Each structure stands twice: as structure tokens, then as C-alpha cells.
């Protein structure tokens, strides 16, 4: 099977032999029939069909008929775009949008492809200018009446910001989020990826109007929680929709672009640049000095650490010296010479002293940056509490001494807070953040009120905030660059422990330094607060120079996905799974698998059936026994060779039976001359290409395939010892000439051969021979015969020629080799072609007991082989070869056809288990049609898709008050970890909580009964009672300030949860309508009305 998959590197590969034409988009001739462009020609591209044959040997050519067109399989669906754009004006003579600046090369290439109505994947650094590509796509939509462009963003906050930014440039921009819908008829619609997914599942009428979808921050596909959404949307979008994917630089951007192209059956042009318009300079800020650690070309400078270590030693010495004067130091030094040297222990700083030292040094650094005109700056820290601590500790720092700027700030704050009530304006967080902004300082983290966070962002963009202290979320997509970036830490807690930042994390945050067209360079500082905090040089080097992590699929099956697709006749769950990025390896091979099935079937037809001239149908049984015997023998011999007695077994002169050597497909007599040095090596593999790949797929998907590649039989064979063996070919002089016709690849007339690198050695030319009893016997000296080719160890040994046995014998030692072959032939004659099985030495008797069953199988198989009439038949080789080829073809066809089946999908077992759960809980009927409960679960796309519908159908909510309903539904929308669970304020809530816990246990037990693997801790987090009291208080009218005095949950977390809660109330209302339950609709509406008020639902500043 060496020919299978041998052409993976080509853009196209021949499809000859493929009889399956169901997927003509994969297998068309030119690409025109499917509406896609054929790939660009390359120097290796040859015309397909229509070309006259020409002589290549100098003879006169004769006209021939045109070559028959061969169908082609497109192997690659993404190409690196290297278009020459030096004459960009001629490529795009009438641009849809005129940029006020000269585009960079990568931008020109992307714009050119967009002008050709192509899909593009743009990978570039933060602040490199990817947004210009998106803006051009939007401008093109404005020129196409009736067509729309959708701009998707990973988070709602970024959607709001993009709406404001794009509305300032284009006339027809709208936004659709969970709670806001502005100008939904616009030519450009901005929404989160989740909103677009909902529209696709509902088959919204908008989908038919979409011309282009822009995926901003598409590298979010690697996000563990939400990455699946990107995959779902890309799969579900209509094929004719063009895609513009904007990503950070990732190593496997071409693989991901190729997956997109294969999924949508259209070429994707990848545009990647490592160019950064504003180069970065990296510094280690230590002991008040900024030490350069990386220049603008990305070269790491180790001298910085040498200087830092010197500064550290000086600081420690000074600390130990304790401020002595010169005379005291001299006396101490003289005294130290007279006594054994012992360093004074350092006095560790207290936590409070350490914090004061850090703040003093950080403020000094900020003042230095201000003095050097390197503000504005973003200061990153990795916890909300630390961000607030750093900000509040800067009480003496004021960066807005200009009265005009202060006036602007006061006006800005007044306008931003004008919509709030007096009580909300006086919330502690608003007062604290406002005071910081007045002094030119801002804070940004997830615990801030959304309005406050937007206020800080806009103030920073306007230059009113000069130092922004933020968590890493500020770097995720929000386009707010600064002149400098400061890391107060380069270690973070990831939920399981502290670790250094990954290269991608560091690059994303550092990329905020340097404003294009404003700053000549961006400055990145790693702030080291004390000598004890000096980072590890190796870890820091890795963080700064290592490549970013590759994009990986986070596709997962959800109950909602199963139920949504159960309602849709257009696509099955299995199709979504098959097209996911996690199945990309399989998808790449499918067209070639189809082709190879056809090839194998044709090969099978060409193999003649075995017809015994004696009418004996025994070859099938004989061949199966022979193949099984080899496997059993190999395992036994491996164990023997590992023992201390191996030299008594695998010793020179030992008669063995070997297989699959030279032309002999069955077994041959041989004698070990010596054990070679070294191992069998890479050539020991017995299979390659699609056969082994498809076989591994059958054993459990790609995960099993990867394990198979590491721990397969082939891997064991590569560790095999090898031997020098003299082999006798099977008897039968009349068959020798026939064998000789296929014995290719040997080294001329040499009598020796290294066979470790091939499945079955072949030779060209004759073999040394001798005449015995009127019959010609041929033999061959073979080197590096691997252990797995030894089918049997015999009791028989060479005695007459034992003094001549040596691994150093070569082709020139004809006399010695002939004598050895003569004695071996005599033994073969004495034992009538069946060598006696070796008895294990006494020290190996224990081993024999341990492997008694295997030994018995081995003996029985040998007995069966020798008893067969096929064993000594002259047609044995020919028939065995035909049978083995037929068996291999049938096996390969079976394995390859399995790859085409749904059962080969990685998550097929999980899908079956989840369908079983849905059937047991009543969401699906036994025939997998969806029930009313299932339709309700599919409708409720906020909260747990199984437990919430169970609660709705039990009728628990209908008997509760609106505030109690809000409290109960909050259980499904609060994601933050909460150690303390508040007591329920009412008896009705206490009873409802008990019901939810019972439902939780019921669903968990059902999943266990259906053998669905799930992480118990993750499932327990699907309900969270940490906010139910806050939700109840808010729904009863308590002010936000009063609530904040009774809870430890941060303001921003409360607001986001209540906003999601209001969205869930609307979903429950829709579910009540679907269920025909007006009472449920009524309480859901009342709960939504009760919480929809005041600061929690203040209009975004970006939408004002």
C-alpha cells in the first residue's frame, strides 16, 4: 500500500479508480462547476487533457488522439497569497473604499482578494492594521443593494465599541445583541458570534441576504468555553457566503484556513505578516533602571540579565551591610578575615513593607515614563484585587496638572453619568473610579460596572487617562493602543497553579504598545519590584521569543446542538461533527480514501482466485494458520530474547524458519550465523499509508490513531534485534525461474542482502545453487533479518560447519557458505522439510509455564501447517501470494470504507450516549424525533439546556412570585465561583432550591446510567446558587448600593448576571408560549420587568 497517500503534498492528485462521485465538489475537473476558482498555476502544474503526446526518446513523434481527461481531487483549499501588489492601482482600479493612508502589502493583498469576491484569512500582530481589511469588506457591501455584511466579535463589549467606530465611517451600520437592536436593516450588522449562530439554527431570513461574514479575533476558536461557536457558525453558513477571518499570528494559520476552505468548498487566500508597523522595544525595569532585553528586530539581549544580577548582588550586600559608615565597614571587613566567613541572614520584609516598596518603585517608574514622554501606558496585572490595590495606592500621583484637561474630564464624567439616578451616581465604585480619572488614572477589569468600564475606555481613547491599570481582558480585542505597556507580573494563576505567561498571552498584551502613525516605537517594560522577584532568564526568553500556540479545535457536542439539528432537515449532527476542525485530518483524506477504495477494488478483481489442481479447498485455512503462527511466534521470541538465556537460543548454527524474505512469501529454512549489532530501524514497518491509518481509525478514531502510531507493532519491530541468516529457498526447481522473474532490487549477482528495510526482499538475477538428489537448491546470505521475520526456532543445529559460522562471512566466502548451505539442506531432508520445535533450556522452564498457552497454540499451529496438503505443494508460494494479496485488499477496503462511516468520528460514542440521555429524559422519542420538551430545550439557549427545561415542565416556577422566579432562574446564569451560598429569603425559594437539586441529581444519574463520560465538578458548576439572594433583592426593588453592602460579589459580575437573567426571562416566556402555558409566560414577563431597571440596564456609552 505504499502508493496510498504518497501524493499528499500536491495541490491536486489523480482520482483514477474512484468510482464514488457523490461529492462532486471535492472531485470536479476544473472547479468551475461548483462556483469556485481553480488554484493558481505553479511551475509543477500540468494541463489536464487536450494535450498531444510527444516522443521523449528522440524518435519522431506521431499525432495521437487527445489524452483522456482525468478527474482531479483538490487536496489543498488554502494558499499563501504572494500576489505582486506593487502596481496596486491596476489590480484594484476602482476601490470600494479610499483609505486616507497607504496600505501595507498584506492589506493590499487582502483588499485585492476581496475585490475578486474571494474569501481571505488574515493573520497579523495586534495593531498591525487588520481592521482595514474588514472596513473594505463593509464598503463593498454598501455598494451591493440588498446584500449584507455581518461583523462578528467575540464579546458584547467589543461589539458595542465596533458599532461606535464603524458608525463614524459608514452610513449604514446596525447592531444586534441579546438586549439591544439598533438599525437591524443596515447593510452592515454587528453582532456576537453567538447571535449569528442562533440565527443560523433558526434559519433567520437575514441569512439569505448575507454576502460576507467578518470573523474578528477568529483565534478564539481555541477558547475552551466558546471556541465551538466559531466552528458551528463556519459550518452552518451557506457555501456562497464569503468569509473574512482576522486572527493573531498563529503557526498553523494555513491549516485552519485550509479547513475553512474544505468545509465551504471554496478557495481561501491566506495573508500573513509578521510586520509590525510600530516596532517594540522590550525592557527589564529593575532597581530603577530600564535594561534593554529585546530590540526592535526581536533579538534577545542577555547582557540585561548580567547587569540585573550585579544590581541584585549590590542590593543584597547593601541590605546586609545595614548602612554602616566607611570606618565601621573596614573594621567589619578586617574582623571577617580573622573569623570563618558567614553571611548575615537577610531580614525578610513584611507584606505591608513589601507592598509599600513596590508602590514606591512603580510610581517612580510612572513618573519617569511621564518625564520621558512615554505615556499613555497600560499597566497589566492579573487579578481584579491587585488592580484595585495598585490604583488605590497611588493617592499622591496626579498626571493631569493641566487645568484645561481637568475641565474636559469633569465635563466627560458629567455627560457619562447623566443617565443615572442620584443614588447610582454615588455608588462607591463610581466615586472611586471618577476620582482616579480626574487624576489621569484608570482601572479596567471584569468586576467593574459595564458603564464604568466604558467610561474608562473612552477616557483612555481621548487621552484623558494617561495610566490605565488593567487585567489581561483589556488586551482581548479592544483596540486601545498606548505608547508603553508595563507588566507588573509575568506569572499568573491559571486555576491550578502559578505559571509564567505563554508566548501568545505576552504577545497579545505587549502588542498594545505603539500607536500606528503616532509613535515611532512601542515600549514594553517588565517591572521587577524587588531583587527577590527577578524572573528566570530561560522562562523569560521562552515567553518572549517562542512561537504562539497553534489553533486547536475545542469542538464539543452539546445537548442543544443535538436538539436543534433534530428539528432541521438540512443537516444531521454527524455532518456537523464530520466537518468540525477536530476532524480535519479525517476530512483531508476522505476524497483520497474514496479513490483508493476504487483502486483496491480494481486490484482485487485482478487477483486470480486460488484453484487447487487437486480440488483441495485448503489454502484459505493454511494461509490463515501461517499468518496467525507468525504473530504468536513473534511474541514468544521477543520474550525469549529479553531473557538472560537468549545467547543459548539465538546462537550461531541455530536452525530457524523465516518468512517474507526474497520471493518466498511463506516460510523458508535458515540458519543463524550471528546476531547483528544495532536494531531493525525505521524499515521494519510492515504497512504504510492509508491501510495503517484507516485500520487505526477503526480502533477508536484519531485519538487511537495517534496512540497507535506511538505504540504499534511497527514501533516494536523498529526495536527488534537483527541477525545474519543463510536461507534456503523452498524446493521446486520448476518454480525457480518463475520466481526469478519477480526477484527485483537485489545488488547484481551478490549473494548477500540487507533485508531490514523492506517488507519482502526481492532480487534480480540468479541465486547460488547446488544440486541435491537431482534437484536444484538455491540459497542466499541475508543480513539484518529482524526478529519478527523468524517464524520458528528449531532444536536442530549445524554441527559439521559450526567452526565456519560467522557474521563476517561475505559474498567472497563461497566455499564456506556452500558448505553451510549443504549441511542445512541435509537437515531439511532428514526432517522431511519440517524442523523440530526447540525445547526451551531449563532456566526458561518458568517462562514456558508462564507462556504455556501461547506455546501450545504455537505447537498446534505448526502441527496444522505440516499436516496440510498445501505445505509441500509446489504451488504453495503462488497460491499463498494470491491469497495474501486478496486478504490485504479486502482488509484495506474494509478499513477504508470504515473511514467513510459515521462510526469513525471521534465523538460518535459520546453522541450515542447523549442521545440515549435525551431519550430517557423525554427530549427525544425512541425514533430520535424531537418531543415538545426537546423543542423547549432547543428554544432556551441561555442556561443549562437539560435541567432548566426539566424545571419548567415540573411547574415549579408557576407557583412563585416574580422576585422568586428571578431568584431561581439566576441559578442558571451566574458563572462566577462563589464559596458562600446565601440562605433562601422565602419558604417558596427553599422548596424550589430543593427541586432544582433533585433535578440535578436525576440528570447526573441518568448520564451515568447511559455511560456518558462527564466531569462531575464541571457538571456541578452548571447550577450556581451564589447569586440567588442578590437577584431576589434586586427584583424586589432594593437599590444597587444597598445590595453591594450585603454581598462580596463584585459589581460587574452582578450586572452581567442580571442582564443574562433578563434575557433568560424572555426565553422562558417563549418556552411558555411553545408549551401553551400562559401562567409561565406571565411570571417570566413579570420577573423580567422587575429586574429591568436602573444602572444594571444603563444604555452603553458606545450606543448613545
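Worth pointing out:
- Candidate set from the stretch 1088-1104 (those that are in a helix (DSSP H, G or I) and surrounded by fewer than 22 Cβ atoms within 10 Å (Cβ to Cβ)); member that is nearest to the chain's Cα centre (by Cα): 1097
- Entry remark, the stretch 979-995: residues being in contact (Cβ under 8 Å) with a residue 40 or more places away in the chain, part of a helix (DSSP H, G or I) and surrounded by fewer than 21 Cβ atoms within 10 Å (Cβ to Cβ) number 1 in total.
- Criterion (modelled with pLDDT under 90 and within 33 Å of the chain's Cα centre (by Cα)) met by exactly one of 224, 137: 224
- Tally of residues being in a helix (DSSP H, G or I), farther than 24 Å from residue 863 by Cβ and either assigned by TED's automatic domain parsing to the domain that holds residue 862 or more than 39 Å from the chain's Cα centre (by Cα) (or both) across the stretch 599-638: 2
- Going through (1) in contact (Cβ under 8 Å) with a residue 24 or more places away in the chain; (2) buried (at least 22 other Cβ atoms within 10 Å of the Cβ) one by one, residue 456 falls short only on (1).
- Residues that are surrounded by fewer than 20 Cβ atoms within 10 Å (Cβ to Cβ) and in contact (Cβ under 8 Å) with a residue 24 or more places away in the chain within the stretch 558-569 comprise 558, 560, 567, 568, listed in sequence order.
- Residues of the stretch 72-82 classified as touching a strand residue (DSSP E or B) at 6+ places or on another chain (Cβ under 9 Å) and surrounded by fewer than 17 Cβ atoms within 10 Å (Cβ to Cβ), total: 1
- Single unsatisfied condition, residue 661 versus (1) at pLDDT below 85; (2) in the same structural domain as residue 778 (by TED's automatic domain parsing); (3) buried (at least 19 other Cβ atoms within 10 Å of the Cβ); (4) more than 12 Å from residue 791 (Cα to Cα): (4)
- Enumerated strands (runs of 3 or more DSSP E) restricted to the stretch 438-504, each holding at least 1 residues that are touching a helix residue (DSSP H, G or I) at 6+ places or on another chain (Cβ under 6 Å) and at negative phi: 441-444, 467-470, 484-487, 498-500
- Hits in the stretch 363-393 (condition: more than 20 Å from residue 474 (Cα to Cα) and at pLDDT 90 or above): 363, 364, 365, 367, 368, 369, 370, 371, 372, 373
- Test: residue in the stretch 249-270 that is modelled with pLDDT under 90, under 24 Å from residue 513 (Cα atoms) and in contact with a strand residue (DSSP E or B) (Cβ under 7 Å, 6 or more places away or on another chain): yes
- Residue that is surrounded by the most Cβ atoms within 10 Å (Cβ to Cβ), among those in the stretch 829-838 that are under 58 Å from the mean Cα position of the chain (by Cα) and closer than 23 Å to residue 648 by Cα: 835
- Any strands (runs of 3 or more DSSP E) falling wholly within the stretch 99-176 and containing at least 3 residues that are farther than 22 Å from residue 1103 by Cα and touching a helix residue (DSSP H, G or I) at 6+ places or on another chain (Cβ under 6 Å): 119-123
- Subset of the stretch 233-262 that is assigned to a helix (DSSP H, G or I) and closer than 15 Å to residue 213 by Cα - its residue that is farthest from the chain's Cα centre (by Cα): 236
- Boolean, residue 734 is at pLDDT below 85 and in contact with a helix residue (DSSP H, G or I) (Cβ under 8 Å, 6 or more places away or on another chain): no
- On inspection, residue 896 qualifies as modelled with pLDDT of 80 or more, in contact with a helix residue (DSSP H, G or I) (Cβ under 9 Å, 6 or more places away or on another chain), part of a helix (DSSP H, G or I) and surrounded by 13 or more Cβ atoms within 10 Å (Cβ to Cβ).
- Filter result (buried (at least 18 other Cβ atoms within 10 Å of the Cβ) and free of Cβ contacts under 8 Å to residues at least 24 places away in the same chain) within the stretch 272-291: 291
For (1) within 18 Å of residue 968 (Cβ to Cβ); (2) part of a helix (DSSP H, G or I), each residue gets a yes or a no:
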position: 1048; (1), (2): no, no
position: 1053; (1), (2): no, yes
position: 1058; (1), (2): yes, yes
position: 1064; (1), (2): yes, yes
position: 1073; (1), (2): no, yes
position: 1079; (1), (2): yes, yes
position: 1083; (1), (2): yes, yes
position: 1086; (1), (2): yes, yes
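- Checking residue 498 against (1) touching a residue at least 24 places away in the same chain (Cβ under 8 Å); (2) in contact with a strand residue (DSSP E or B) (Cβ under 6 Å, 6 or more places away or on another chain), the condition it does not meet: (1)
- Residues that are assigned to a helix (DSSP H, G or I) and at pLDDT 70 or above within the stretch 827-846 comprise 827, 828, 829, 830, listed in sequence order.
- Residue within the stretch 970-978 that is surrounded by fewer than 18 Cβ atoms within 10 Å (Cβ to Cβ), assigned by TED's automatic domain parsing to the domain that holds residue 1010 and part of a helix (DSSP H, G or I) present: no
The values are calculated or read from the model by the stated rules, or taken from the named source; none is laboratory data. Not measured: the values here are computed from a predicted model. For neighbour counting, all protein chains shown are included, and Cβ atoms are generated from backbone atoms with ideal geometry for every residue, glycine included.
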